[in-house]
Amino acid sequence: MEQVFDLVNNLLRSDRETKRRDLRVRGYVIIPLSNQAGLLEFIGNTSPLRDWLSRAHIKYGDLICL
């Protein structure tokens, strides 16, 4: 995934508008504990995707599936 993030960041830097807005994909640290579990770096001022999906489902109904 890190290579994908690098590629997307290169594309974002090559466009004048996205460069002006300083848009980029941010990586984060994950410490694996097992094959299916790990600790994720705390990232301030964010919300879990599930919270957004729940609100979007209420707002848009069946257009978004959980």
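Does the range 34-46 include one or more residues that are in contact with a strand residue (DSSP E or B) (Cβ under 9 Å, 6 or more places away or on another chain), free of Cβ contacts under 8 Å to residues at least 60 places away in the same chain and of a type in the set (A, V, I, L, M, F, W, C)?
Yes.
Considering only residues that are under 13 Å from the mean Cα position of the chain (by Cα) and either modelled with pLDDT under 85 or surrounded by 10 or more Cβ atoms within 10 Å (Cβ to Cβ) (or both), which ones fall in the range 46-66?
Thr46, Ser47, Pro48, Leu49, Trp52
Cβ-Cβ below 8 Å, separation at least six or inter-chain, first residue in the range 1-19 and closer than 16 Å to Ile30 by Cβ, second of a type outside the set (S, T, N, Q) and modelled with pLDDT of 90 or more: which pairs?
Phe5/Val25
How many residues does the range 23-45 hold that are in contact with a helix residue (DSSP H, G or I) (Cβ under 9 Å, 6 or more places away or on another chain) and either among the polar types (S, T, N, Q) or surrounded by fewer than 10 Cβ atoms within 10 Å (Cβ to Cβ) (or both)?
Number of matching residues: 1.
The values are calculated or read from the model by the stated rules, or taken from the named source; none is laboratory data. Keep in mind it's a predicted model, so treat the numbers as computed, not measured. No Cβ is skipped: glycine too gets one built from the backbone with ideal geometry, and neighbour counts run over all protein chains shown.
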